[in-house]
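Engineer: Next up is a structure, given as structure tokens.
The values are calculated or read from the model by the stated rules, or taken from the named source; none is laboratory data. All of these numbers come straight from a predicted model, not from anything done at the bench. Counting neighbours? That spans all protein chains shown, and the Cβs are built from the backbone with ideal geometry, glycine included.
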């Protein structure tokens, strides 16, 4: 009997193609951190220190019949704001290649075009516009997408420090949840053909009444928390006293700065042991301290975007501020994505909202 042989698949140049492996969580976090560090080395302030003008980036694929879409969440907010600033995009909508194509198809149908499905040489289906006798493309040729994060929780067997599976009383493996991070690419609507997306109506800037209502509701749901405004005070949160202390509105250069500081301290308060139970016992200058400050900065920025609060954060020692963050991210690259997820969780807690989808960190 002839010996059975196996051959490796080869690429275009005849070389054996290696199986592509997915990057680990740590590798993905390091990649995003490296991008931010590179910006800082050029003197660029991180996006979580800037005002979010025009609201948060929106997920094109979640548009409903009322013309409303869900915003991106966590680190993805800042990743997409970076991209919008770099390229000058003004549309808040982002979507996958498929979402952009689907939106284009929907628009063409509304314009009276006839579309049909065809099969290409590779066996894949695509849409053809028989009215214009051309393929349906949402994204313009040559456009490059922006990577964003898909954050999922998966159940795995719990293991001890020796790597052995931990069993429960019934002799079955105990399960624990761990985060699994993946990336995918999205495109801004400005990179696409006309998609016919609804115009996003801009809310009034500095919606004081709405934010005060939200703060009061948060206090009602967390009776132990107190907010004290006193002349000359520095913004701070005491976990031991469960008290936020900050200066009076008159001492700030504007309403936006006052609420930016107030929301920053409110995000800190969500970490109290009776709430989300983050580590708030960290010493100034330590890694845990840097992480918690990043959570508060990002969380406050997201809330400012949600409520139309525009604030120019005053960075007194610009160079020292950037140097501090660069060191923190180089020492702890995972802090960026972790803080984005924790900040979004804090925002959800403050707003009293729950999300079933796991789109973003």
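Engineer: Considering only residues that are surrounded by 13 or more Cβ atoms within 10 Å (Cβ to Cβ) and part of a strand (DSSP E or B), which ones fall in region 215-235? Write out each step before concluding.
Structural biologist: Residues of region 215-235 that are surrounded by 13 or more Cβ atoms within 10 Å (Cβ to Cβ), as a first pass: 215, 217-219, 222, 225-227, 229, 233, 235.
Residues satisfying the conditions are 226, 227, 229.
Engineer: Just to be sure, is residue 296 at pLDDT 85 or above and under 23 Å from residue 34 (Cα atoms)?
Structural biologist: Working: at pLDDT 85 or above: yes; under 23 Å from residue 34 (Cα atoms): yes.
Against the criterion (at pLDDT 85 or above and under 23 Å from residue 34 (Cα atoms)), residue 296 qualifies.
Engineer: Inside region 130-148, can you point out the residues that are out of contact with any helix residue (DSSP H, G or I) (no Cβ under 6 Å at 6 or more places or on another chain) and not in a loop (DSSP other than H, G, I, E, B)?
Structural biologist: Scanning region 130-148 gives 134, 135, 147.
Engineer: Looking at (1) at pLDDT 85 or above; (2) in a helix (DSSP H, G or I), which is the only condition residue 278 fails?
Structural biologist: The number of the failed condition is (2).
Engineer: If I ask for residues that are farther than 14 Å from residue 187 by Cβ and buried (at least 21 other Cβ atoms within 10 Å of the Cβ), which ones from region 64-75 would you list?
Structural biologist: 69, 73, 74, 75
Engineer: Next question. Out of curiosity, is residue 230 modelled with pLDDT under 95 and assigned by TED's automatic domain parsing to the domain that holds residue 307?
Structural biologist: Against the criterion (modelled with pLDDT under 95 and assigned by TED's automatic domain parsing to the domain that holds residue 307), residue 230 qualifies.
Engineer: Picking from 329, 306, which residue would you name as being under 30 Å from residue 201 (Cα atoms) and either modelled with pLDDT of 80 or more or surrounded by fewer than 16 Cβ atoms within 10 Å (Cβ to Cβ) (or both)?
Structural biologist: None of the others qualify; the one that does is 306.
Engineer: Can you name the condition, by its number, that residue 239 falls short on among (1) surrounded by 13 or more Cβ atoms within 10 Å (Cβ to Cβ); (2) touching a helix residue (DSSP H, G or I) at 6+ places or on another chain (Cβ under 7 Å)?
Structural biologist: (2)
Engineer: Same structure, new question: What are the residues in region 148-162 that are more than 16 Å from residue 180 (Cβ to Cβ) and touching a residue at least 24 places away in the same chain (Cβ under 8 Å), if any?
Structural biologist: Across region 148-162, there are no qualifying residues.
Engineer: Please indicate, with yes or no, whether at least one residue in region 194-205 is buried (at least 17 other Cβ atoms within 10 Å of the Cβ), in contact with a strand residue (DSSP E or B) (Cβ under 7 Å, 6 or more places away or on another chain) and either without any contact (Cβ under 8 Å) to a residue 60 or more places away in the chain or not assigned by TED's automatic domain parsing to the domain that holds residue 309 (or both).
Structural biologist: Yes - at least one qualifying residue is present in region 194-205.
Engineer: Of the numbered conditions (1) in a helix (DSSP H, G or I); (2) surrounded by 12 or more Cβ atoms within 10 Å (Cβ to Cβ); (3) within 30 Å of the chain's Cα centre (by Cα), residue 109 satisfies every one except a single condition; which is it?
Structural biologist: Only one criterion in (1) in a helix (DSSP H, G or I); (2) surrounded by 12 or more Cβ atoms within 10 Å (Cβ to Cβ); (3) within 30 Å of the chain's Cα centre (by Cα) is unmet by residue 109, namely (3).
Engineer: Given the conditions (1) over 17 Å from residue 58 (Cβ atoms); (2) loosely packed, with under 11 Cβ neighbours inside 10 Å, and given that residue 174 satisfies all but one, which numbered condition is not satisfied?
Structural biologist: Residue 174 satisfies all of (1) over 17 Å from residue 58 (Cβ atoms); (2) loosely packed, with under 11 Cβ neighbours inside 10 Å except (2).
Engineer: Right, residue 69: assigned by TED's automatic domain parsing to the domain that holds residue 135 and part of a helix (DSSP H, G or I) or not?
Structural biologist: Judged against the criteria, residue 69 is not a match.
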